1. Of everything in the range 9-34, what is away from ligand 2 (no atom under 16 Å from the Cβ) and part of a loop (DSSP other than H, G, I, E, B)? Give them in sequence order.
2. Sort through 122, 163 and tell me the only one that's in contact with a helix residue (DSSP H, G or I) (Cβ under 7 Å, 6 or more places away or on another chain), assigned to a loop (DSSP other than H, G, I, E, B) and under 30 Å from residue 196 (Cα atoms).
3. For the range 409-434, how many residues meet the condition of being out of contact with any helix residue (DSSP H, G or I) (no Cβ under 8 Å at 6 or more places or on another chain) and either surrounded by fewer than 21 Cβ atoms within 10 Å (Cβ to Cβ) or at positive phi (or both)?
4. List, please: which pairs have Cβ atoms under 9 Å, are six or more places apart or on different chains, and start with a residue in the range 122-139 that is touching a residue at least 24 places away in the same chain (Cβ under 8 Å) and more than 14 Å from residue 201 (Cβ to Cβ) and end with one that is away from ligand 1 (no atom under 16 Å from the Cβ) and assigned to a helix (DSSP H, G or I)?
5. Do you know which residues across the range 229-264 are without any contact (Cβ under 8 Å) to a residue 12 or more places away in the chain, surrounded by 12 or more Cβ atoms within 10 Å (Cβ to Cβ) and on the phi > 0 side of the Ramachandran plot?
6. Which residue, of 84, 65, is touching a residue at least 24 places away in the same chain (Cβ under 8 Å), more than 18 Å from residue 122 (Cβ to Cβ) and not in a helix (DSSP H, G or I)?
7. Any residue in the range 288-300 that is within 9 Å of ligand 2 (Cβ to nearest atom), part of a loop (DSSP other than H, G, I, E, B) and surrounded by 13 or more Cβ atoms within 10 Å (Cβ to Cβ)?
8. State which residue is farthest from ligand 1 (Cβ to nearest atom) when the search covers only the range 143-167 and only residues that are buried (at least 22 other Cβ atoms within 10 Å of the Cβ) and more than 24 Å from residue 202 (Cβ to Cβ).
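Laboratory data are not the source of any read-out in this text; all were calculated from the coordinates shown. Here the structure is a predicted model, which means the values were calculated and not measured. We place every Cβ from the backbone using ideal geometry, glycine too, and count neighbours over all the protein chains shown.
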Ligand code: NAD
Ligand code: UGA
């Protein structure tokens with residue numbers, strides 16, 4: 001099928017490359033020139049395992065094209081995906097200006113041939129209805145189209161795997177014709193993976209996305225609440241949560257305590273859902289608590305550092321990990337950045353290392369020092385603060401680290417080491433919840 005994808009970010013690029021891999025013909029449109037130049041040189045603008053290989057392969061096969069002009073892409077496509085960003089406004093509502101802009105542009109282009117317009121961006125319930133209205137308003141009578149909600153569930157760091165082997169495919173439609181088109185689009189994937197397909201109403205599909213992200217964020221905040229309890233009561237949160245997660249009704253995933261969830265999605269999506277509840281007149285205390293515990297996770301960690309190091313002014317602190325999670329170069333809402341900002345405010349000098357996210361971090365916080373590797377970040381430091389659970393940090397030569405540091409103290413915000421072993425090695429070691 002011929003597909004247009006508007007917005008070549010994490011979601012648009014991964015969707016485009018994976019649909020091309022499944023045999024569809026894809027035109028990805030973006031208004032960011034720099035991104036397009038990179039893509040047209042066969043380079044992925046983001047670090048995402050397996051993505052660049054898929055892009056290059058499908059570009060070479062002529063199934064994947066990147067361009068800035070939306071018109072030819074929309075004209076030739078049967079299905080048009082909206083994959084633009086939906087950032088938070090100051091009050092937590094989702095800012096839908098990019099979605100509206102794309103809807104208006106599509107309205108001016110579609111010309112009578114039937115089109116399915118798919119909202120893949122994460123949006124509040126009833127947004128598809130607004131998209132439909134917008135296209136009607138600005139398309140003067142061109143009404144031969146349907147708007148579908150097809151939320152995306154990929155995780156950064158495993159985006160390609162998540163897309164090629166999804167837990168489920170959710171299709172929110174209110175027309176039989178659109179449903180058939182969407183099933184045709186996903187048929188190769190459904191046949192290959194046997195992924196369950198949920199065909200639901202448009203509003204339900206929109207709510208499935210906000211509901212799923214809120215539930216996952218709630219699990220993490222619950223884990224952090226248990227961690228706080230364990231710290232005060234003298235128990236081990238990892239032992240407690242492992243046993244809790246063995247109950248099949250609860251499950252072990254997303255119960256890792258630490259310095260809280262970051263990224264471009266959970267914080268913004270739960271804030272948007274909180275607003276939806278407010279608008280619908282429903283109590284949003286639960287969401288408020290999820291956010292509060294998440295903020296407290298970072299604050300408690302900082303208090304631990306301050307308590308141990310006492311005066312921070314002038315002290316050199318090594319920071320390992322800047323990305324909001326491993327296997328990505330994304331630093332949007334990264335807890336690491338909040339920690340660095342606070343330590344800097346107290347006068348500490350920071351030397352940071354991240355395997356992939358330093359280029360992005362340098363744009364955001366150019367004033368700190370950056371190391372070439374974890375050992376350089378540790379050298380001469382009075383403490384090492386671990387903010388991201390990159391695999392390579394778990395395999396560090398800890399004897400070497402100890403010798404390099406001015407004082408062997410580690411604050412492990414992701415519990416990647418075992419406290420007893422760290423003590424045996426001669427570190428003063430502080431994890432989360434243990
Ligand atoms: P992103 O910022 O990485 O990408 C958005 C892209 O859209 C950018 O490249 C931007 O230049 C482009 N764009 C914006 N307006 C445009 C326009 N008018 N015309 C052409 N291009 C335009 O965002 P993302 O992380 O891919 O997220 C996109 C949406 O998907 C958001 O709603 C997000 O919540 C949701 N989502 C993201 C993830 C994730 O892991 N990142 C996962 C699931 C869902
Ligand atoms: C999340 C969801 O997991 C995806 O399903 C969803 O599609 C996406 O948001 C989205 O809507 O954009 P992502 O933000 O890429 O994906 O990454 P996660 O793996 O969910 O991690 C989010 C944050 O939670 C990270 O900061 C991570 O360190 C933290 N986390 C995760 C924990 O602190 N504990 C855990 O047990 C799991």
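1. Taking the range 9-34 first, the residues away from ligand 2 (no atom under 16 Å from the Cβ) are 16-17, 19-34.
Those that are away from ligand 2 (no atom under 16 Å from the Cβ) and part of a loop (DSSP other than H, G, I, E, B): 22, 23, 24, 30, 31, 32.
2. Exactly one of 122, 163 is in contact with a helix residue (DSSP H, G or I) (Cβ under 7 Å, 6 or more places away or on another chain), assigned to a loop (DSSP other than H, G, I, E, B) and under 30 Å from residue 196 (Cα atoms), namely 122.
3. Result for the range 409-434: 6.
4. Short answer, once both residue conditions are applied: 124/279.
5. Passing the criteria: only 251.
6. 65
7. Within the range 288-300 (the criterion being within 9 Å of ligand 2 (Cβ to nearest atom), part of a loop (DSSP other than H, G, I, E, B) and surrounded by 13 or more Cβ atoms within 10 Å (Cβ to Cβ)), the answer is no, since none of the residues qualifies.
8. Step by step, filter the range 143-167, then rank; the result is 159.
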